[in-house]
Structure formats: C-alpha cells, structure tokens
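S.K.: Got a structure for you, questions after.
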Amino acid sequence: MESPNNPNEFERLLALADYDLDTIELEGQLKDLTKLAAKVAGTNISLVNLIDAVTQWSVAGVGMPVMQLPKEDSVCQYTIQGDQSLEIKDLSKDERFKHKFYVEDDPNLRYYFGVPLRTSSGHNLGALCVLDTKDITITPEKADLLKIIAEEIINRLDIIKSVNELKSKVKESIEKQEQVAHDIRGPIGGIIGLAQIIKDQGTNNQLEDVLEFIKVIQSSSQSLLELADQILSTKAKEKAPKQLNLQNEYNLQVLQEKLKNLYGVQAEQKKVKFSVELVSKNLETRFSKIKLLQILGNLISNAIKFTPEGGSVSISLSLEEKNYSNRLKAKINDTGRGMTADQIEEIMNGESKTTKGTSGEQGYGFGLPLVKHLIDGMGGVLKIDSEVGKYSAFEVIIPV
C-alpha cells in the first residue's frame, strides 16, 4: 500500500534538517519523557520517532530497543500527516499494517497511539507513540497529558537546537576575535618599526617635539601589540574552542564511526555490504558537523535502498586543504540500479520523482533534492556519475 503523500513534505524535511540533530545522542535527553509517556498511557512501550525522507529513527524509548525502520513500514508516517493524534486499536486488523513484521512476529504489536511532534512553525518532525501487545484505553485526560509530553519533547529539541546555534556563534565570535588580533599585529608591528626609525632619525636631527610625539605612538602601539598577543592566548581560545569541538565538531574518525553506527544496520538488514573508509592522513583535524549527517545520511540511505541484496555500498572520506581552508570530500558508491541522464539532471535541478527501491522500498522523491539544496546552501559541490543497471557514484565536496 502506498504511503501517504504530504504536499508540504519538502518543507517538513527542511525543518527537520534545520534542527541538525544527531540521532545517536538524543536518547539520554528524551528517555525520561518516554518513561513518563508509557506510565501515563499504561503501555509497555513508548517511542520518540523522528522521520526523514527515507527512515524512521527511534531516538529514545522504553520497552523496545531504539531502532531504524524504513519509513514506508512505520505507523508514525501516518501520524505526521496532520496535527491530531492517531489511535489504532488493533494493528492486525488494519490493512496497512497487519502484514508488517512487528505485527505478525515478535513483539506482536496490536495497540498504537501516536501524537505528532509539531514545531511552532507547524512542521511535524516525527511522533511520540505508545504501543502494546494488548488493547489499551486512552482516556481524553491521558491523551491531553501525552500531547503535553509531546510538546515538551519539541521544547527540548528546540533547546538542543538553540544551544548548538549558540555554540556556533560563540565559536565564530572567537574565530573573529583571533582574526582581528592576527590582522592588527602586522600593521601595528609596522608602526612600531617605523616609529623606531623616525625616533632614531629624530634624535640625530634634535627634533625633541617630534620625538615626544613618536614616543607616545610607540608606547601606544606596543600596548596594542601586547593586547593582540593576549587575545591570541586568552582562555577563550585555549579552552572554549576545545570544549565546543567535542560537541559541535567532528574529525574524520568520529564521522566515520557515526556513519557506520547509523547506516550499518540498514545495510545489514538488506544484506548489502557496507564500508566507510578514510583516505586522508589528517585524521585529527576538526571541522563543523553542521548538516553533514543530513547530507551524507540521505545519500547513503538512497544508495542502500537502490542496491540489491548481495551488492555493496562504500563510502570514502577525506579532508584536504585548498586556499588555506579545509574541504571535506565524501564519495558514496553503490552497485545498485543506477540512474539515467534525465534522472541525474532532475536531481541537479532540485527535482526528483518517486521510485521504489530494489526490495520494494517506497521512494519519496525528496531525499536527493534536499541534499542538493543543503549542499548549495553551504557553498559545496555535488557530482553524480551513474550507469543504469550497474552503479551510482556521488561525490560531495563541502567547505568546512
């Protein structure tokens, strides 16, 4: 059965990408709310699910391991279509879900109640849901409490987003401070040197008045030079960036592990060989993580989706310096069905049509245009090479 079509899906995905969430790091911040939701509802299971173009990510939960699920297999894909709660008394009697593995097999789910996670701008990022293997009654009072919990989840996501934005602004401010200090050191050093020359010449010419003036310039310039040195060695430089880096930046090794942990499961479920390799020597250089998981994740998910069982998806990561700045280069290669020249052109023009994956996975036509949009916004480059029935190769180059 076809998944529901949301006319504002691209805007919803942009809103989710704007939060720039790391799904691995959210469980600790939302676990208590999932416990509260299960207690309020009287269910054994509660999950917080975020839904992108391809995948439902269970980022926190009780009674069931957090997991990844193809979007077309999820119940919450229907919850996020509106602003009201969705209740399904018996999943086994619903044509949309009765043949899903989580209904026919362990854990044999039956009851579902979902509340959309709706932002202040009106976009549903995902859903808070409670589930059970038996029939449950959710009273209006309980439904209101679950809605309040869902609002608190959004509040916490907003806080995480604000904190990350603040970290970026603080780091940017520190970098500007360093740049100012760097920029003024040269001119001020020149003034000091020139003042010394004039001073020496002035002594020979007995220009006492000029000498006094030059001495003031020299003294002031020396003070500015010392100030610049203090800025460069201040604790804000020594400590704050390091603390920010730990939470708001990656190096290649960290990015490699993130991609393995996030997408290795999808590949394993589909029996597709999956690898993430580093082809760069500067492994410790840190760079901003902003939007990287959204960009690379969509490309990797699509590669897995369109690669048949027994095929392979390989990623190579490198960091190179050009014109005194770093560029992250990522290559995603698959042995999937490939694309025609027209399909590639549609993607590069920010357009795409829905197609199904090699195992019948539902396509949404939003993932790749979203990637192109994000890369363009970061001043990056997307290159695509493909041959129908053989392979697809994506290369992403992003200034970081």
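S.K.: Got a sec to turn the phi values of segment 155-162 into Karplus ³J(HN,Hα) couplings, 6.51 cos²θ - 1.76 cosθ + 1.60 with θ = phi - 60°, whole Hz, x for Gly and Pro?
M.R.: For segment 155-162, the Karplus curve yields 4, 5, 5, 5, 5, 4, 4, 5 Hz.
S.K.: Also, quick follow-up: Quickly work out the residue 24-to-residue 280 label distance, labels modelled 7 Å from Cα along the C-beta direction, and quote it in nm with one decimal.
M.R.: 1.7
S.K.: Let me ask you something else. Which of the listed residues, 21, 137, 47, is farthest toward the dipole's positive end in segment 9-138, when Lys, Arg count +1 and Asp, Glu count -1 at the beta-carbon?
M.R.: Comparing the listed Cα positions along the dipole, 137 ranks first.
S.K.: Would you mind classifying segment 267-355 by shape? Square roots of the alpha carbon gyration tensor eigenvalues, ordered a ≥ b ≥ c; an a/c under 1.5 is rounded, otherwise it is prolate if a/b is larger than b/c and oblate if not.
M.R.: Taking the square roots of the gyration eigenvalues as a ≥ b ≥ c, segment 267-355 is oblate.
S.K.: Once you sort the root eigenvalues of the Cα gyration tensor of segment 29-147 as a ≥ b ≥ c, which label holds: rounded (a/c under 1.5), prolate (a/b larger than b/c) or oblate (the other case)?
M.R.: Cα axes put segment 29-147 in the rounded bin.
S.K.: May I pose another question? Once you sort the root eigenvalues of the Cα gyration tensor of segment 251-399 as a ≥ b ≥ c, which label holds: rounded (a/c under 1.5), prolate (a/b larger than b/c) or oblate (the other case)?
M.R.: Since a/c reaches 1.5 but b/c is at least a/b, the shape of segment 251-399 is classed as oblate.
S.K.: Which of the peptides 152-162, 27-37 is most tightly packed, and how do the rest follow, judged by the mean count of other Cβ atoms within 10 Å per residue?
M.R.: Highest-to-lowest ranking by the protection proxy: 27-37, 152-162.
S.K.: To continue, here is another question. In whole angstrom, how far apart do the alpha carbon centroids of segment 258-285 and segment 81-112 sit?
M.R.: 32
S.K.: Using a cut-off of 10 Å between beta-carbons, work out the net charge of the residues near residue 23 (Lys and Arg +1, Asp and Glu -1, residue 23 not included).
M.R.: Here the charged neighbours net out to -3.
Just so you know, all these numbers are worked out from the coordinates, no wet-lab data involved. Because the structure is predicted, anything quoted here is derived from the model rather than measured. No Cβ is skipped: glycine too gets one built from the backbone with ideal geometry, and neighbour counts run over all protein chains shown.
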